[in-house]
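Below: one structure, written as structure tokens.
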Amino acid sequence: MKWDSKLYNNSQNFVSEYGKSLLEFVPAGTDKILDLGCGTGTLTNQLADRCNYVLGIDSSDTMIHEAKNCFPHLDFATVDALEIDYTCEWDIIFSNAVFHWIDNHNLLLQKIYKALKPSGKLICEFGAHGNISTIENGFRYALQEMGIQYVSKFNFPTVSSFEQLLAKNGFLIEQIYSYDRPTPLKDGDQGLYNWAIQFFQSELGQFTPEQQYNVLSTMSSKIKSSLWNGTCWVADYKRLRVIAAK
Ligand code: BEZ
């Protein structure tokens, strides 16, 4: 998917706002941190206060361009998470709201394990099983009305399946749990439309602008009673939080 770094920083800035609570698990005085899927670098900049060196990586050039622009004193690089090739290099690998974009969690955990120093830690949070299920069901319904089948591109594992994968890859699990995090979207009654235009762009690309509008209107009507609180749309986010040591 193509990331719009300006839209991400404006409408989606709750991503890094919520990510701040994950930072509390990163001990101050850590030596080296890899921020995996750093986006526009907001959390990388906060991680920098807790360590001697931080590198932010992201698969999107646009995001890395914006991160370098915002935080010229920090190091950033365009690297796909599944392409990292470090050996015993990092004390902490940190990642917020990224793993659900990655189809192969087994390979990802293999690479992360290898990249961590002995006793290094993975600290991450991402979409858990059931994340945005109301939104996806509404979108599925709207596409069905057009005669099209929706196939989710997201990877939202259960706690137990991810736990097994961590153990299989050698990690010692310190914490793993999922929790509901209802997330108010910006932009009032336009909030869900703006969210969907960004995150369902690969599915919506096949339609004319008028058809896109109709699909998203059908979706909104279908889920309004569940996710509209009278003032804003509240996305049904559910997070999986993990702290695991090598
Ligand atoms: C999430 O952070 O859970 C998420 C964001 C965009 C699309 C899907 C999931």
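The values are calculated or read from the model by the stated rules, or taken from the named source; none is laboratory data. Note that the structure is a prediction, hence the values are computed from the model and not measured. Here the Cβ is made from the backbone with ideal geometry for all residues, glycine too, and neighbour counts use every protein chain on show. Accessible surface areas use protein heavy atoms only, side chains included; no ligands, DNA or RNA. Shrake-Rupley method; radii C 1.70, N 1.55, O 1.52, S 1.80 Å.
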With the requirement that a residue be out of contact with any Phe, Trp or Tyr (no Cβ under 9 Å at 6 or more places or on another chain) and within 16 Å of the ligand (Cβ to nearest atom), what does the stretch 219-246 give you? D236
Of the residues that make up the stretch 69-77, is at least one open to solvent by 50 Å² or more (accessible area, probe 1.4 Å), touching a Gly at 6+ places or on another chain (Cβ under 8 Å), away from the ligand (no atom under 16 Å from the Cβ) and within 24 Å of Y113 (Cα to Cα)? yes
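Rundown of residues vs (1) assigned to a loop (DSSP other than H, G, I, E, B); (2) at pLDDT 95 or above, yes/no style:
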| position | (1), (2) |
| --- | --- |
| Q12 | yes, no |
| K20 | no, no |
| F25 | yes, yes |
| D31 | no, yes |
| L43 | no, yes |
| T62 | no, yes |
| H73 | yes, yes |
| D85 | yes, yes |
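Here's the yes/no breakdown for (1) among the aromatic types (F, W, Y); (2) open to solvent by less than 20 Å² (accessible area, probe 1.4 Å); (3) within 20 Å of A115 (Cβ to Cβ):
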site	(1), (2), (3)
S16	no, no, no
E24	no, no, no
P27	no, no, yes
T30	no, yes, yes
T40	no, yes, no
T44	no, yes, yes
D49	no, no, no
N52	no, no, yes
As an exercise: evaluate E136 against (1) charged (D, E, K, R); (2) outside any strand (DSSP E or B); (3) open to solvent by 30 Å² or more (accessible area, probe 1.4 Å) and give the number of the one condition it does not meet. (3)
Limited to the stretch 87-126, what total is found for residues that are outside any helix (DSSP H, G or I) and either within 16 Å of the ligand (Cβ to nearest atom) or modelled with pLDDT of 95 or more (or both)? 25
With the requirement that a residue be within 20 Å of the chain's Cα centre (by Cα) and part of a helix (DSSP H, G or I), what does the stretch 139-171 give you? F139, V159, S160, S161, F162, E163, L165, L166
For D49, state whether it is among the acidic types (D, E), within 20 Å of L166 (Cα to Cα) and out of contact with any Gly (no Cβ under 9 Å at 6 or more places or on another chain). no
